[in-house]
Every structure is written in C-alpha cells, then in structure tokens.
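Read through the structure below, which is laid out as structure tokens, and then see the notes.
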2 protein chains.
Amino acid sequence: MTAFAPLQNDTFLRACMRQATPYTPLWLMRQAGRYLPEYCATRAKAGSFMGLATNTDYATEVTLQPLDRYPLDAAILFSDILTVPDAMGLGLTFAQGEGPRFATAVRDEAAVAKLEVPDMDKLRYVFDAVTSIRKALNGRVPLIGFSGSPWTLACYMVEGKGSDDYRLVKSMLYSRPDLMHKILAINADAVAAYLNAQIDAGAQAVMIFDSWGGVLADGAFQNFSLEYTKRVLAQLKRTGVDGKVVPRLVFTKGGGLWLKEMAPLDCEVLGLDWTVNLGAARALVGGAENGPGKALQGNIDPNVLFAPPAQIATEVARVLDSFGTPYQGTGTGPTHIFNLGHGISQYTPPENVAALVEAVHKHSKAQRS
Amino acid sequence: MTAFAPLQNDTFLRACMRQATPYTPLWLMRQAGRYLPEYCATRAKAGSFMGLATNTDYATEVTLQPLDRYPLDAAILFSDILTVPDAMGLGLTFAQGEGPRFATAVRDEAAVAKLEVPDMDKLRYVFDAVTSIRKALNGRVPLIGFSGSPWTLACYMVEGKGSDDYRLVKSMLYSRPDLMHKILAINADAVAAYLNAQIDAGAQAVMIFDSWGGVLADGAFQNFSLEYTKRVLAQLKRTGVDGKVVPRLVFTKGGGLWLKEMAPLDCEVLGLDWTVNLGAARALVGGAENGPGKALQGNIDPNVLFAPPAQIATEVARVLDSFGTPYQGTGTGPTHIFNLGHGISQYTPPENVAALVEAVHKHSKAQRS
C-alpha cells in the first residue's frame, strides 16, 4: 500500500471524535454535483452517470471540484448509493432526467433466494476511485467513503426505482417479513464488506446513508432499519491503512424521532436533517465533557441556498447557535459538523455555496471567541 | 336551518372530547376514494375530480359509499384541500393521472398583492355538500368538515402543483419571509371563514390537514405553519348548528418532533402519522384523568393494508397496544381515535379494509374488558 500524504486539515476528523476545533468544520452532502458547471462538463465527457462513477479519473476529478471552489473540510467519494445492488446483478441504470432504476426488481421468494453478498471485485472501480482520490487530495482534507444502508438499498431493490409511497417494499415487509429480513441480512453483510474495502483503499471516515429509514413506521424502523445498521457497524474495521481511527457516521433522514434509540449505535457521528433542533439533539445524544456521546452532523435546509447571502448568513447562524458553542477543552465533548440536512439541489447558485461556507467559518469562529 | 336527525353513533365525538367509548372509534383518511370501485363509477359519471367535488349529489354519494361497506365511526366531507386557493382565483385543475395544478402560481410581490380572502359564496358548493351529506347520513355517524392548513395551501399556491423538494415555496420563505407571512395570514383567515361556514352548514367536527408542515425546518415550522394554524383555531366557532361542541382536529404529517409545541394548541385532537409512537405521544400530550390534554388520532401505516388479514390484525393490535387502554371513567382522560397515518392508497384491496375495521373494533373492545 502506497503511503498517503500527511493530513493538513484534520478539523473534520477531530470533530467526529468529539475533539475541539478552531471552527466548525463543514462539508455538503452531494457537494460534487450538478449545481457545479465543471461537474456537468465532466459528466458530459463521461457520457452517463455510471460512466462517470466507474471511471477512476473522472470520479477523482469531480470529487475534487468543490474543494477547488470552496474551503470545505472534507471530501466525499463520488459514487452512488446503489453500486452494491448493482454488483448483486440487478442492473443499475440512470435514464436521462430520471432517477436510478434496476433492470431486475426483487419481489418474491425466488428473487430473494438468488441474492448474495457480491464479489467485491465487481466493485473494484469504487475502491480504485477511493485510492486515486486520496492520492489526489494529497492530504488537503480527509476522504469520506460511504454506502446506502441495508434498508435504503432494499427499498430500491424491491421497488426497482425511487418511490413516493414505498408500497411494494412495505407490502413485502408487512406480508413477508421473513423475506425482508433475508434481504436486509445480505445487504448488511455486503455493505460492511463494501465499507471495509473502502477503508482498505484509503477512506478516512465512512458514512451510512439511511436515506429512507424515515419512511418506516415506529417499530418497523427499529426492526428493519436500525437493526441492520447495527449489523453493518459491528463488522466495520476500526482503523484505516495509516493506522488511524476511521470514524463512522450514520444519517437517517427523517429519523429525528428515534434519536434516543440511535444513541447506543457503535458509531461516532449521527447525521440530522433540518427538522431536528440541534440543541435538543445535543442534550439527548451529544454527551457531556469526557463522557460518551455522539458528534452531530447537519442540518441546514438545502433550500436556504436559494436565499440571498445575508439571509444565508442569518440561517447559518441560527443553525450554529441552535447547537451552541461546541466543546473547547482538551478532552472530548459535544461537537458539531456543519452540513446540509440533505443533498444539495442541482439548482443551487454556486456563489451562494461560497456565502454559506464563509458564514459557517466566520460565525463558528465567533462562537468560540 | 333544517333540524338534522339525532346522532346514533357518537363514539367519534366522545373520543374527540376525551370521553370513554365502548371501543376505539375509527375512520380512514381519504376513505371515499379510488380504492372503491363504486367511487370510480361515480367519478366516471361526474367526468372529473372537480366535477365530482362540485356536484352536491355526487359528493354526497361518494361520502356515504365507505359507510355502506364498513362500520366506520365518522364520515368526512368529500372535497379537496385546494378549494380555497381555487376560490381565490388560482384556477385549480386535476390532469388525468396527475395531482392538482394551479393555472396561476403565486411567486412574486405582485401576485401576493392580488390575494385576498375569497368570497365564501364561491365555495357554496362545499357548504351545500356538507348540508346534503349531513341529511343523507341521517344521524348514522358524525360528519367531519376539513381544510388544508395555511402553510399547506401556500405550498401548492407557490409551487403551482405538488413538489418533492418545495424549492420555490422555501425560496420565498427564506428570501422574502414578509411575502410568505402575507400569504399565510390571508390563508389563515380564509381557512377560518371556510371552516366556520362548514360548521354552519352542519359539520360536527373540523379537521385541519397540515400535510406539508413536516417538510419545514425546525424553527420555520413554528413560524410559518404552527403560528397560522393557531390563527385559524382562534377564529373557529365552538358550537355547531345544533348547539353541540364542534371538536377541532389538527394533523401535521411529519410533525412528530414538534408534538410538545402543538400541545398548547386550542384544539381537541392531534393527528399523528406512523412514525410516532402512540404511547410516547400519549405520555407527552395525551393528558391525565380529568386534566387537560389532547385526544390522539392515528396512526397505522396505510401500506399495512397490502398484507393479508392476519398480519393486518397483528399490526392493528400493535398500534392499539402502543396507545394502551384508553380512559374508561366517567370524566375525561386519554383517548384514541384509530386512523391511518396518511390517506388510503388507491391500490388498497377493499376486503383488507374490512379486515382492518373488524380488527380495530375487536381488539379495542378486548382492551377494555
């Protein structure tokens, strides 16, 4: 394994570990995306979304684009949450102007029986991208690897595409919970292997996106989402190729009501969407000085980025202040990683992102003074 | 005003008032809908959704259809949540296979300046339907009137149609909160006048559907949704044409995180979606014996109706048991009205609804024995 360059900006990793930082680090979900003209140019060269994601050079190029524009504190692997079921043989495609779609949906006992943890060699393009990006970053900021959660993957696998009512996947969940548990167990083991391979390839933190956990009923969330997130976490490597601890982040969109039940998760960071009050979340799961607790990540509404810079600064301050001053001592305590509460919109004006980044750094420094 | 027939089944109204009932009353959001073949037949006769909603005879016919099939404990006016902005002149249409759409969207200062509380005469067809339905019910069960919440109406008025990111309405909210507040104040006064006219026409309870309150950020929900729901409630008549108290129900989909902030609302019932644990909600806002508190309504996942009858019964029991045994004394205490956590899906097999209704009545009687 090649030695990677030493890390210059460790604010993100420190905040993940609930250690003090001079300002609140930030990155943006989907920061390498269609709102950037340079991303659209690279995607045009690649021909398609999967052409972009499977080409190491292109994936590296687009991952670094937002960092060249903005002083962000972390990079995130450019990829898709559905690469794992694609490697299971379901045939992922992205039709122009539509979301992802699988050629084969998993809807009955026979289809479930065929599922297995895919050969990680089929996902080599992802691990190659991780190593390539980490080298290209050259120590500027840490690189986050990621995967969809077992439940979120199952939603797409059963529905065959995005859904607004989750009728098919929930029909299976309520009618044949045994089948749903089989899918989720395979997904969990596949996600764990996938994230471990990303860690081996150079990822310095890993995040599980439970994008659709929030559509589940109370009770079903615990049994069909949280339980399998735990199963992933239990299998994850604790240190990366350079021997450093690899923080694990879990983000359940719409999961604010279950925060207390997520507190015992074996991970370092909980991501939150904009419906959650950060102060309340800090009180619930943020922990005390030198006690256990989770770092919190989030949670401004991405639509704030459609307001003028002055209003963006106001809303940024509101979010930072709702968390309050992060821990400033030499041990561990409550910390905050600024992010959006969901992926950035493709319609976002890039200059407004600059205003947001500036406001976060400025106001969070002021909080500490 | 014609005298209406005396009410035979008052379980719903009693439960709204936190009084004991021999079983947990139930009705289903969107119970008169496309899952019923007889509804589709009437709609075909009417030619269009608005043709159905604006024709008193048809609206009466479809409102009663689910009651003829199932022993439900309340009827709800057949109408749409967008009749009020339609009466403001925005031109509501329903394209085949799509959701509602307005000919005119409200997106700038000039459009907001033109808005006003509509002449309630333009909504006469709704009030006529209320009276007609109440007569046709002939005292079988009480009739619920309803409206969209000020915020939910504003979402459609600004977006012009349904949205999956609420980008336009939130752009206005964050960029021009002054304009958003103007729209919401007008909407609140219009909704209040609209619900009062429904009460005068014979509605025995009224419900405010804040279907999109849950898409707002913490802070924004309180300022842009809850505040205007309060403004509606403050203007509502307290008694109906027969001198009886008219309970007021408020349902914010995705609002489970703000339940504590909704507890002081001047209404009798809070509706909950399936993400909320009913036991936790009861402890938070359900009140104690003879003390203040809210009746709770909800909250089974409508997708449970795609499971076989045995699983439906299991899930029904789970929801009823999560609330626990309702108050059984002679004063007031915590009560539960069974419902879905959202409107019933058009794909629901009608026989599964029968299984659900039977399970609710059976299990809730057993809870009390």
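Here are a few things to note about the model shown:
- Shape category assigned to segment A:125-173 from the gyration tensor of Cα positions, a/c cut at 1.5: prolate
- Here is the list for segment A:94-141: GluC sites (Glu not before Pro) lying in DSSP coil, each with at most 13 other C-beta atoms within 10 angstrom of its C-beta, are A:98, A:116.
- Chain B: most fluctuating residue of B:334, B:264, B:118 per GNM, C-alpha cutoff 10 Å: B:264
- Cross-link reach is defined here as a Cα-Cα straight distance under 13 Å, omitting same-chain residues fewer than 8 places apart; for residue A:114 none of the aspartates and glutamates meet it.
- Alpha-carbon centroid distance for the pair segment A:189-251 / segment B:189-226, whole angstrom: 40
- Dividing the Cα radius of gyration of chain A by 2.2 N^0.38 Å, with N the residue count, gives 0.94.
- FRET efficiency, residue B:116 to residue A:69 (Cβ-Cβ, R0 45 Å, nearest 0.05): 0.50
- Approximate spin-label separation residue B:266-residue B:245, in nm, with each point projected 7 Å along Cα-to-Cβ: 1.5
- One compactness figure for the protein assembly as shown is 0.98, namely its Cα radius of gyration divided by 2.2 N^0.38 Å.
- Beyond 24 Å in Cα-Cα separation lie the following of the pairs A:230/B:260; A:135/A:365; A:135/A:237; A:122/A:182; A:45/B:161: A:230/B:260; A:135/A:365; A:45/B:161.
- Nearest residue to the symmetry axis between B and A, taken on chain B by its Cβ, in whole Å: B:257, 3
- For segment B:169-241, trypsin sites (Lys or Arg not before Pro) are listed when DSSP marks them as loop and at most 11 other Cβ atoms sit within 10 Å of their Cβ; the list is B:238.
- Note on chain B: GNM, Cα springs under 10 Å; of B:297, B:96, B:235, the largest mean-square fluctuation is that of B:96.
- Nearest-first distances (nm) between copies at residue B:113, label 7 Å from Cα via Cβ: 7.1
- 5 angstrom amide H check on residue A:294, placed H, neighbours 5+ away: A:286, A:287
- With its label point put 7 Å out from Cα toward Cβ, residue B:161 sits 1.6 nm from the same residue's point in the other copies, in order from shortest.
- Under the criterion of Cα pairs below 8 Å and six or more residues apart, the relative contact order for segment B:104-168 equals 44 percent.
- Relative contact order, percent, chain B [alpha-carbon distance under 8 Å, six or more residues apart]: 21
- Projecting the Cα atoms of A:157, A:175, A:13 onto the dipole axis of chain A, where Lys and Arg carry +1 and Asp and Glu carry -1 at the beta carbon, places A:13 farthest toward the positive end.
- Counting only Cβ charges, +1 for Lys and Arg and -1 for Asp and Glu, the dipole size of the protein assembly as shown around its Cα centre is about 620 debye.
- Based on Cα contacts under 8 Å between residues 6+ apart, segment A:235-349 shows a relative contact order of 26 percent.
- Taking amide H as placed 1.01 Å from N in the peptide plane, the amide H of residue B:271 sits under 5 Å from that of B:250, B:251, B:252, B:297, each at least 5 places away or on another chain.
- Residues considered: A:69, A:248, A:282. Largest GNM mean-square fluctuation over chain A, using C-alpha springs under 10 Å, is found at A:69.
- Descending principal axes extents, segment B:2-105, alpha-carbon based, whole Å: 48, 30, 29
- 7 Å along Cα→Cβ, label-point gaps from residue A:349 to other copies, nm, shortest first: 5.4
- Net charge over other residues, Cβ less than 9 angstrom from the Cβ of residue B:341 (K, R count +1; D, E count -1): -1
- Each other residue within a Cβ distance under 13 Å of residue A:315 adds +1 if Lys or Arg and -1 if Asp or Glu, for a net charge of -1.
- Count Lys and Arg as plus one, Asp and Glu as minus one, and take only other residues whose Cβ is under 15 Å from that of residue A:115; the net charge is then -2.
- Spin-label model, residue A:321/residue B:351: points 7 Å from Cα along the beta carbon direction are separated by 6.1 nm.
- Nearby aspartates and glutamates by direct alpha-carbon distance to residue B:170 (threshold 17 angstrom, same-chain neighbours under 8 apart not counted): A:273, A:301, A:315, B:108, B:109, B:159, B:178, B:210, B:218, B:227
- Taken over the C-alpha atoms, segment B:238-369 has Rg and Dmax values of 15.3, 44 angstrom.
Each value in this text was obtained by applying a stated rule to the coordinates, not by laboratory testing. Everything numeric in this text was worked out from a predicted model, so none of it was measured. Positions of Cβ are generated from backbone atoms using ideal geometry, with glycine treated the same way; all protein chains shown enter the neighbour counts.
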